[in-house]
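Data block below; observations after.
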Amino acid sequence: MKTVGLELNDVGVLAAVHDGSAVNLIDLNDTSPRPGWPAFVLKEPDGLLFGQPAEDRCMESPRQVCSTFIEELSHGSSHLGGAQKAPAYSELTYFFLRDVLDRIRERVGQIDRIHLAVPPAYLEERYGRSEKIGLLLGMIGDMEVPLVGLGGSGLISLYRSPPPPPGVKIIHVELFLHSIQVTVCTREDDIRSQACHRFQQLGFIRMMRVLSDAMGDRLLRETAYDVSEDRRIEQSFYRKILEVLASDDRSRETVLEIQGGSRSRQLRITQETLRADVSPYVESILSALDRVVRELDSGPDRAVLVLTDRAERIRGLEIGLRGRGFQNIVKQGTGAAAFGAAWRARDLEIPKELSMVSVDESVPIVSGEGEGDEVGVRPVLVRADRDDESTAEPPSHVVISGVAHSIEGDRFTIGSKNLEEEFDLKLSRRFSYSGLASCRVVRDDSGVYLEVDDGADGSGLRELIQSGDRIHFADGRKGADLLFIHVAAH
């Protein structure tokens with residue numbers, strides 16, 4: 001039986017499938033530098049085009065492209081193409097969802113059950129809950145999809161993740177195309193959603209506009225070339241910025257090459273300039289989160305702040321959050337809500353009618369033990385942002401929860417207490433929902449390396465590590481970091 005979890009985020013819709021033994025992400029888009037199928041629609045003379053091809057025309061043909069239909073789901077007009085009889089937001093959402101479901105079926109075959117992780121604002125009356133959920137259920141019913149439940153993506157992404165202590169607030173931050181949505185949850189006997197805050201004009205599109213303007217101005221000053229003079233060049237510029245943001249390579253410098261007319265022009269981007277370019281946008285997000293914290297009965301230092309993979313890629317955001325007092329920051333892996341929804345789909349039964357579909361306001365706390373759950377979690381090496389690689393030092397210590405542990409000897413092993421092995425440094429269960437995670441730090445004449453044994457895909461890992469780098473343990477649900485530092489010998 002194949003159960004599917006669908007993460008309805010318009011930056012890039014993601015899906016995960018549980019085939020009875022494991023949960024895996026489904027690749028819905030192999031033509032973009034970032035994962036997921038983006039919720040854009042392009043109006044062409046012969047019909048509508050959805051997803052990546054539409055986003056690839058968003059700057060070139062802005063009046064013919066709409067990207068607000070998921071967020072604004074309603075009977076209201078989309079004004080697509082400027083026509084008086086433009087399709088409604090609900091009509092665009094219907095055809096987009098049908099396109100996504102067709103893509104899923106092409107990859108996994110028949111869908112036996114599906115659970116939707118929807119934008120958290122869908123479940124708030126002040127943002128139109130009744131209309132949005134009613135429309136969504138009507139679409140699903142018309143498509144004859146075996147829907148078993150739905151819930152806010154912030155809450156669903158926390159399902160089967162290590163819970164914080166009872167009473168601790170969880171602040172979940174997610175990036176959508178036209179908003180930042182913040183879900184506030186608390187852990188008692190279960191994990192319960194308490195509130196959702198939607199901050200419009202702070203989404204991915206705003207970030208791209210801020211970056212495009214800043215980088216375009218710098219290119220104009222340095223080369224006297226204005227990318228906005230030609231919309232095709234502007235579209236290419238947009239795509240190149242996407243590639244920079246989506247890259248896991250946080251190296252010191254990136255060079256954007258812009259082809260305009262008969263000449264090629266280059267714009268050099270350092271991590272420092274990238275953070276400076278996006279800083280006004282980051283400051284707006286931090287101010288929004290300040291308002292959320294003021295409504296809580298505890299300060300930022302006593303809450304757990306969860307960043308999705310999309311939000312974590314906003315350069316400078318984590319640094320700004322720590323400056324605001326958030327010390328307990330957890331970074332989720334790609335598709336956390338899709339994974340959580342796939343697990344929920346397995347747990348729930350298909351209702352007799354759509355009016356009985358479960359709408360999750362809370363999710364049970366699951367220890368992660370049991371049949372099918374003993375899955376090893378491989379660590380991911382996250383490079384530090386450095387302006388000068390030559391200044392990096394080999395690590396001497398690894399920091400966990402603020403405590404530095406000396407890396408002793410030429411072979412230092414790190415692993416979970418749940419594994420039946422002896423480790424130089426034992427991790428607590430929170431480093432993965434299953435508690436199964438291990439790696440080793442190896443020192444030789446050429447440097448210090450992170451090594452991981454072959455995984456299920458047959459690929460091993462051996463990477464040079466330096467001070468400032470992190471190991472990120474994540475299984476698509478929730479992650480935690482180990483920081484490498486260099487302490488000079490006295």
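The values are calculated or read from the model by the stated rules, or taken from the named source; none is laboratory data. Remember, it's a predicted structure, so these values are computed and weren't measured experimentally. Here Cβ is always computed from backbone atoms with ideal geometry, including for glycine, and neighbour counts include all displayed protein chains.
Evaluate segment 118-141: report whether one residue or more is closer than 18 Å to Glu7 by Cβ and out of contact with any strand residue (DSSP E or B) (no Cβ under 9 Å at 6 or more places or on another chain).
For segment 118-141, residues closer than 18 Å to Glu7 by Cβ and out of contact with any strand residue (DSSP E or B) (no Cβ under 9 Å at 6 or more places or on another chain): present.
Of all residues in segment 121-137, count the ones that are in contact with a helix residue (DSSP H, G or I) (Cβ under 6 Å, 6 or more places away or on another chain) and in contact (Cβ under 8 Å) with a residue 40 or more places away in the chain. First the steps, then the outcome.
Of segment 121-137, the ones in contact with a helix residue (DSSP H, G or I) (Cβ under 6 Å, 6 or more places away or on another chain) are 121-123, 127, 129, 132, 135, 137.
This time we only want the ones that are in contact (Cβ under 8 Å) with a residue 40 or more places away in the chain, so: 121-123, 127, 132, 135, 137.
The number of residues fulfilling the criteria is 7.
In segment 291-314, how many are touching a helix residue (DSSP H, G or I) at 6+ places or on another chain (Cβ under 9 Å) and either assigned to a helix (DSSP H, G or I) or of a type in the set (Ser, Thr, Tyr) (or both)?
Residues flagged as touching a helix residue (DSSP H, G or I) at 6+ places or on another chain (Cβ under 9 Å) and either assigned to a helix (DSSP H, G or I) or of a type in the set (Ser, Thr, Tyr) (or both) within segment 291-314 amount to 7.
If Ile414 meets every condition in (1) modelled with pLDDT under 65; (2) surrounded by 19 or more Cβ atoms within 10 Å (Cβ to Cβ) apart from one, which number is that one?
Tallying (1) modelled with pLDDT under 65; (2) surrounded by 19 or more Cβ atoms within 10 Å (Cβ to Cβ), Ile414 fails exactly one: (1).
How do the strands (runs of 3 or more DSSP E) wholly within segment 32-139 filter down when requiring 3 or more residues that are farther than 25 Å from Thr334 by Cα and at pLDDT 95 or above: which remain?
Numbers: elements: 41-44, 47-50, 113-118.
Ranges flagged: none.
Filtering segment 88-107 down to residues that are in contact with a Ser or Thr (Cβ under 8 Å, 6 or more places away or on another chain) and touching a residue at least 24 places away in the same chain (Cβ under 8 Å), which residue is surrounded by the most Cβ atoms within 10 Å (Cβ to Cβ)?
Out of the qualifying residues, it is Leu92.
Given the residues Leu147, Leu116, which is the only one that is on the phi < 0 side of the Ramachandran plot and touching a helix residue (DSSP H, G or I) at 6+ places or on another chain (Cβ under 6 Å)? Reasoning before the result, please.
Working: Leu116 fails: touching a helix residue (DSSP H, G or I) at 6+ places or on another chain (Cβ under 6 Å).
Leu147 is the lone residue from the list that is on the phi < 0 side of the Ramachandran plot and touching a helix residue (DSSP H, G or I) at 6+ places or on another chain (Cβ under 6 Å).
Can you tell me how many residues within segment 19-31 are β-branched (Val, Ile, Thr) and assigned to a loop (DSSP other than H, G, I, E, B)? Give the steps one after another, and end with the answer.
Of segment 19-31, the ones β-branched (Val, Ile, Thr) are 23, 26, 31.
Next, from what is left, pick out any that are assigned to a loop (DSSP other than H, G, I, E, B): 31.
Counting residues in segment 19-31 that are β-branched (Val, Ile, Thr) and assigned to a loop (DSSP other than H, G, I, E, B) gives 1.
Can you find a residue in segment 189-206 that is within 22 Å of Tyr281 (Cα to Cα), in contact (Cβ under 8 Å) with a residue 24 or more places away in the chain and among the charged types (D, E, K, R)?
The answer is yes; a qualifying residue exists.
Could you please find all residues in segment 186-241 being closer than 30 Å to Ala288 by Cα and of a type in the set (Gly, Ala, Ser)?
Result: Ser193, Ala195, Gly203, Ser212, Ala214, Gly216.
Quick check: is even one residue across segment 194-201 among the hydrophobic types (A, V, I, L, M, F, W, C), in contact with a helix residue (DSSP H, G or I) (Cβ under 6 Å, 6 or more places away or on another chain) and not assigned by TED's automatic domain parsing to the domain that holds Ala341? Don't jump to the end; show me each part of the working.
Residues of segment 194-201 among the hydrophobic types (A, V, I, L, M, F, W, C): 195-196, 199.
With in contact with a helix residue (DSSP H, G or I) (Cβ under 6 Å, 6 or more places away or on another chain) added as a condition, the list becomes 196, 199.
If we keep only those that are not assigned by TED's automatic domain parsing to the domain that holds Ala341 as well, we get 196, 199.
Yes, segment 194-201 contains a residue that is among the hydrophobic types (A, V, I, L, M, F, W, C), in contact with a helix residue (DSSP H, G or I) (Cβ under 6 Å, 6 or more places away or on another chain) and not assigned by TED's automatic domain parsing to the domain that holds Ala341.
Could you look through segment 50-94, keep only residues that are aliphatic (A, V, I, L, M) and out of contact with any Phe, Trp or Tyr (no Cβ under 9 Å at 6 or more places or on another chain), and pick out the one that is farthest from Asp230 (Cα to Cα)?
From segment 50-94, those aliphatic (A, V, I, L, M) are 54, 59, 65, 70, 73, 80, 83, 86, 88, 92; that's our starting set.
If we keep only those that are out of contact with any Phe, Trp or Tyr (no Cβ under 9 Å at 6 or more places or on another chain) as well, we get 83, 86.
Working: Ala83: 25, Ala86: 27 Å.
Going through the qualifying residues, I end up with Ala86.
One residue is enough: does segment 157-177 have a residue meeting the conditions part of a helix (DSSP H, G or I), hydroxyl-bearing (Ser, Thr, Tyr), within 23 Å of the chain's Cα centre (by Cα) and crowded, with 16+ Cβ neighbours inside 10 Å? Show your work before the answer.
Going residue by residue through segment 157-177, those that are part of a helix (DSSP H, G or I) are 157.
Then drop every residue that is not hydroxyl-bearing (Ser, Thr, Tyr), which leaves 157.
In the following step, the residues that additionally are within 23 Å of the chain's Cα centre (by Cα) were identified as 157.
Subset that is crowded, with 16+ Cβ neighbours inside 10 Å: 157.
Scanning segment 157-177 turns up at least one residue that is part of a helix (DSSP H, G or I), hydroxyl-bearing (Ser, Thr, Tyr), within 23 Å of the chain's Cα centre (by Cα) and crowded, with 16+ Cβ neighbours inside 10 Å.
Just name the residue that is farthest from Glu124 (Cα to Cα) out of those in segment 189-238 that are among the charged types (D, E, K, R) and in a strand (DSSP E or B).
Restricting attention to segment 189-238, the residues satisfying the condition of being among the charged types (D, E, K, R) are 189-190, 192, 198, 206, 209, 213, 217-218, 221-222, 226, 229-232, 234.
Restricting the remaining residues to those that are in a strand (DSSP E or B) gives 190, 192, 198.
Numbers: Asp190: 20, Arg192: 14, Arg198: 10 Å.
Looking at residues that are among the charged types (D, E, K, R) and in a strand (DSSP E or B), I get Asp190.
Which condition breaks for Ile233 when tested against (1) surrounded by fewer than 19 Cβ atoms within 10 Å (Cβ to Cβ); (2) more than 24 Å from the chain's Cα centre (by Cα)?
Of the numbered conditions (1) surrounded by fewer than 19 Cβ atoms within 10 Å (Cβ to Cβ); (2) more than 24 Å from the chain's Cα centre (by Cα), the odd one out for Ile233 is (1).
Does at least one position in segment 46-54 carry a residue that is surrounded by 22 or more Cβ atoms within 10 Å (Cβ to Cβ) and of a type outside the set (A, V, I, L, M, F, W, C)?
Yes, because at least one residue in segment 46-54 is surrounded by 22 or more Cβ atoms within 10 Å (Cβ to Cβ) and of a type outside the set (A, V, I, L, M, F, W, C).
Residues Arg291, Arg275: which one is farther than 19 Å from Val168 by Cβ and more than 22 Å from the chain's Cα centre (by Cα)? I'd like the intermediate steps shown before the answer.
Working: Arg275 fails: more than 22 Å from the chain's Cα centre (by Cα).
Every option except Arg291 fails the conditions.
In segment 170-203, what residues are touching a His at 6+ places or on another chain (Cβ under 8 Å), within 16 Å of Ala303 (Cα to Cα) and not aliphatic (A, V, I, L, M)?
Quick first cut of segment 170-203, residues touching a His at 6+ places or on another chain (Cβ under 8 Å) only: 181-185, 200-201, 203.
Going one step further and asking which of them are within 16 Å of Ala303 (Cα to Cα), we end up with 182-185.
Listed by number, the residues that qualify are Thr183, Cys185.
Would you please name the residue that is farthest from Tyr122 (Cα to Cα), looking only at residues in segment 1-18 that are assigned to a loop (DSSP other than H, G, I, E, B) and among the hydrophobic types (A, V, I, L, M, F, W, C)?
Residues of segment 1-18 assigned to a loop (DSSP other than H, G, I, E, B): 1-2, 8-12.
From what's left, among the hydrophobic types (A, V, I, L, M, F, W, C): 1, 8, 11.
On the way: Met1: 29, Leu8: 11, Val11: 16 Å.
My answer is Met1.
Would you please list the contacts, defined by Cβ atoms under 8 Å and residues six or more apart or on different chains, that run from a residue in segment 443-454 that is surrounded by 11 or more Cβ atoms within 10 Å (Cβ to Cβ) to a residue that is at pLDDT 85 or above and among the hydroxyl-bearing types (Ser, Thr, Tyr)?
Every condition considered, the pairs that remain are Arg443/Tyr449.
Quick one: how many residues across segment 132-162 are of a type in the set (D, E, K, R) and either touching an Asp or Glu at 6+ places or on another chain (Cβ under 7 Å) or within 29 Å of Arg187 (Cα to Cα) (or both)? Reasoning before the result, please.
At the first step, the residues of segment 132-162 found to be of a type in the set (D, E, K, R) are 132, 142, 144, 160.
Pick out the ones that are also either touching an Asp or Glu at 6+ places or on another chain (Cβ under 7 Å) or within 29 Å of Arg187 (Cα to Cα) (or both) and you get 132, 160.
Matching residues across segment 132-162 total 2.
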